[in-house]
Structures are given as structure tokens and as C-alpha cells.
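The values are calculated or read from the model by the stated rules, or taken from the named source; none is laboratory data. Please read all numbers here as calculations on a predicted model, not as lab measurements. Every residue, glycine among them, receives a Cβ derived from its backbone with ideal geometry; neighbour counts consider all protein chains shown. Side chains included, ligands, DNA and RNA excluded: accessible areas come from the protein's heavy atoms. Shrake-Rupley method; radii C 1.70, N 1.55, O 1.52, S 1.80 Å.
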Amino acid sequence: MHGFYRIAAITPAIVPGDVRHNCTEIIRLCQEAVQNGAAVMFLPKLAVTGSSCGELFFQEELLRAARVAVDEIAGSLPENCVAVFGSPYSAPGLDEVWDMFAIAGNGEVNWAPHLGFDRRFFSNDRAFADDFKTAGGIQCGFDHTIAVSCSAASRCGGEINLVSFSKSALPGTLEELKEFARSASRTSGNVFVVNTGNIGESTAGNIAASAAVIAVDGKIAASSPLLSTESTIIYADVDLESLKYRRRRSGKTLLDGNAAPDGTPLPESPDLQYAGISPYPYLPETPEKLAGFCRETLEIQSFALAHRMKKAYAKKMVLGISGGLDSTLALVVLNRTCELLGWDKKNIVAVTMPGFGTTGRTKNNALELARIIGAEIREISIAEACRQHFKDIGHDPQIRNAVYENTQARERTQILMDIANAENGLVIGTGDLSEISMGWCTYNGDQMSMYSLNSTIMKTVIPELLKFESGVKPAMADVLQDVIDTPVSPELLPAEDGAPGHKTEDILGAYEIHDFFIWHFCYNGAGKEKVLALAGIAFSGKYDAAEIRRCYDIFSRRFFSQQFKRSASPEGVNANEVSLNPGEWRMPSDVSGILWR
């Protein structure tokens, strides 16, 4: 479904040496996984016999029983699935015994060597191992890895990497395995399944770890306990289509390969039960990781700005403050930048420019935060200048159209640019990624600055950054919380009873939906039907299908029609996996977006 495939990591409870028992248990577990929609099943090394048989691996009795069991397991599998499981292998006419993986599917059995073998009991003839390196769509990678391709049309032989090795269970072992899987999947840009061992291996001297971990692009999709007394199965629906898109963009390549052992494609997931679709896929999943994410994001922004100020030989940072989320985040980062550079906070020129729609709440929050920081504050009303401009161009100010709104935005930008010229400073842009993606800015108004600080920060991420800063700077906590609680508005239309004349989310739809679209469209390369299906799952019970579709129609139309604004955007720091800055996202301003609407 939508490019997702269901992976099962199976850890069987075996009895070392009892091949008949092990065969029966493996068949039972594989059938259960297939009934649950799994396309690829991975069991540990030497699952058929157990890896702790020692000298018995040399005995023909054990090897003969293993050969029979492998054929029986393969014959029990339905079509269009692959099971990979470990077994000793004795080649006809040769004395050597090999630590191998059987790849069973569609009635066939192919073999791939496990190169992380125990040299006391298994052959190390690497030339013989090379004969197996491209067995039926399964490929050998580095020492512990084999790789599977799920698509018959794909030449990628490493979409799913399967890793198994014996490991003793010690305190910290499970986290070590997760970190290995996270790192390997992130580096390769694909899926890593780690299955350390069979449950029930001999405990002579140690107890074997029997954990399984499935990691996708640096994140843990599923994991089992380090130790268990019963067989376990974990599942993950992995989005191979999005991984392929990211590999294409990054230039990563995989080994050539086929699909299942007979070259037919494996079935996609019947549903997305194990996909873990989050409404906020760009945010870490735990409070501890979220805190680290926020700290590092703010550090990236502030260090980048500090370097830019030094290299531009600029002395002042000029910022338009409105009391909204974007300018508040920018002011927080400017404060951090001054601390990094050892500058007086008066090097921040915080300019509030009240206009026709400015509310007391936002203005007061902007001024209060600037006072707490100790910035230089300037208040310059734009009302009279805008009225004069309306008169000059013959515009009736009672007509509240784009001219009425954009005049205010461009007047503010002119003021900031001129102050920067006078003070040997840089105008710091505040526009965020959510606004930039839909061109929700005035061309040559708030679209323009000398450094675009927030250009890769999503709107729904900013509250998390401000909450984090509240913990670091308690004196700011009250004002930052009120900024978070204030409805998002450009405040360009006259206020009504102290409230904004219009609210952005009433027009565009919820920013959390648009940020979800940005992530899956730009980071995962998902098309319309896939994005809508995933959003329907992520926001089930919060937004109905009609509202999600309305938001998508707005997003897809504006994303393409407003590219001309992004093409002329100022430079900005990348603090996110997604960037639409001109050097990062290259797309013609007049390209058709009809395929995505």
C-alpha cells in the first residue's frame, strides 16, 4: 500500500540440536507472520540448528537433518514472500561446513554466506563464498549483512538490509543494538533489521541476546526485548518508496539486484498498521530527544548567524518585531548570538512598526521580550507613510485588498533596510518554512532580508523551540507562553475588538496539516494520493477528509504557483532535513504542478 512493505523480524524459541522442534517452530512463526501481511521475514543465524552446537556442526547427522528442515520450511511458505533464516550448509562433494542463510520463497531455496561466522567450526574459504553473493535477489554486503530488494523493477539490491550476529546479553546491550541499527540505517538511507540470536541457546558461560530491531533511516520502527523465554515477532511497515526518493536526491546508490528469488515483486503492506504514521514526523518521539532537538536547532541558528555577522563585518542585527511566533523566535536567536559573540544586547535593533492591524497583545509581547533581553527598541508607526503611498498611487484605503496589505509589508521592509544601512547592520529575516512553502509573504516585503534565519523552521516547530527557551531563560517564560497562545495572523487588516482582523489558519487551514504535507512531499517525495492517505491516518479524529483535502488543494496550488518568491529568497541556514532555499530546492518558477493537484 502506497510503497510500504511489511517486514517481520522473528526470534524463535529453539532447542540447540533438536532440528525437528526448531523446524516446526520456524514454520509456525513464518505462517503467523504471513497471515499478518509480512512480505519479508528474517530469522537469526543458524536458527535451524541453534548456533551453540559446537563440535556437532561437523556431524553428518545434524547437517542431514538441517538440509531436510530447510526444504520443509521453504515448501511451507506461500507464494510472494521471502523468509531468510540461518542454517549450516555442507556443499556436495566438499568437506567444508558453512554458516549460511537460506533464502526461501516461491518454492525455491537460495543461499547467501554469513561472513561473521565462528571460525572454529565453519569454513573461511572466501572464494567459495563469492559464488553465493548474488543469490536470487539477496546480496551480501559487509561482513554481517545481506540485502533484499522488494521491487522487481528496482535495481536496488539493498532496500532491506538483514544483519544477524551472536551477542551476549549484558547491561546496555539492547541500546547498543538500537544505536547500531539507527546509525547503519541512517548512513545507508534504507532499512536495517538486526536479529541477534535465537531464544533458548545454551547458557553455558553466558546467555545469548535474543533481541530484534528494525530501523528505518535513523529511527527505530520496532524492537523486541533483549531477553525472552518465548518466541517473538516484531513488525514494521516500511516506506521503501520514500527511501528510494531520498537516495536519488542524495546520490546514494545500492548494489544491483533482483526482487524475490524468482524475480517477482513482493506484495506491499495490506494496511499501514505498523507504519507508525505521526502527525509530527519532523519532531523526535521522546521528551528527551525533543529537548536535544530544540537545543541543537537553536544552536545551529545562533552559530550560523554569529558567523554571518563576523564575515559580513556587520555591527548591528536589525529585526522587525511583531510579537508573533516567527519574530519572537528570531529575537530569541539574536539574544543567543550576542551571547556567543560577547556583544552588548544593544547590538540588537528591535523595531516595532505598528500599522492598521496591529493589536495591543502582540505589540506588548514584542516590546516586553525586547526589554527583558536588553535590546535597543525603536517604535516607528507606518500608518501615515502608508496613507501617503495610497494617495500617491491613487488607491482607496477602504479597499482592503492585496495593495492595502502589501503596502504595509513593503513599508516595514524599507524601514528595516534603511536602518541597517545607517547602522552597518544586517536585516534578519523571520519568515518560516511553512510560510515559504506556500508563498505566504509579500514579494519584496517580508519575503526579503539580508539573512533568512527561520527559513527551514516549520511553524509547528517554533512553539517547541520557545518552550525549550523558557526553561533556559525563566525570565522570558510568561511572554513566550503568551506568544505561543496568540492566534497566528499577519495583522494587516484593522483589528476588531482587540482581536486580529483575520487569522491565517482560517484562510489556509491548520499549519500542522501543511507541515505534514511539506515533510511528506519534500522529504519523502510522496504524491497526492499517498499524502492524503497518510494525513488521513495521522489526523484521524481531529480533521475530517474534506478538511484535509481542502488544505492539500491550497498547499499544492500555492507550492507551485509561489515558487518565484523562493527563487528570489535570501540565503538562510539549514536547520532541518527540508530546505526550500534556492540552493537546496531547485525548481523552475513556471513549472506545472498539475500532477500533484
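Points to keep in mind about this one:
- Bridgeable lysines around K289 (alpha carbons under 25 Å apart, same-chain partners fewer than 8 residues away excluded): K178, K219, K459, K467, K473.
- For the chain: accessible area per residue (Å², 1.4 Å): 41 Å²
- Listed values (i) 73, 24, 22; (ii) 59, 24, 20; (iii) 49, 27, 22, entry calculated as semi-axes √(5λ) of the Cα gyration tensor in Å: (ii)
- Counting only heavy atoms of the protein chains and using a 1.4 Å probe, D590 has close to 140 Å² of accessible surface.
- Taking the Cα centre of the chain as origin and assigning +1 to Lys and Arg Cβ atoms and -1 to Asp and Glu Cβ atoms, the resulting dipole is close to 1720 debye.
- For the stretch 273-381, share of DSSP beta bridges that run antiparallel, in % to the nearest 5: 0 percent
- Three-way shape label, the stretch 484-597, alpha-carbon gyration tensor, a/c 1.5: oblate
- Fraction of accessible area attributable to carbon and sulfur, the chain (%, probe 1.4 Å): 51 percent
- In degrees, nearest ten, helix 19-35 long axis to first principal axis of the chain (Cα): 30 degrees
- Length-normalised contact order of the stretch 372-487 in % [C-alpha pairs under 8 Å, at least 6 apart]: 20 percent
- Within a straight-line Cα-Cα reach of under 13 Å, K363 can be paired with the following aspartates and glutamates, leaving aside sequence neighbours fewer than 8 residues apart in one chain: E379, D482, E491.
- Value of relative contact order over the chain, rounded to a whole percent, pairs C-alpha under 8 Å and six or more apart: 12 percent
- Other residues lying with their Cβ under 15 Å from the Cβ of I382 contribute a combined charge of -2, Lys and Arg counting +1, Asp and Glu -1.
- Cross-link reach is defined here as a Cα-Cα straight distance under 18 Å, omitting same-chain residues fewer than 8 places apart; for K315 the lysines meeting it are K345, K346.
- The gain in end-to-end length when the E584 to W596 segment is fully stretched comes to 2.3 nm, 0.36 nm per residue minus the alpha carbon separation.
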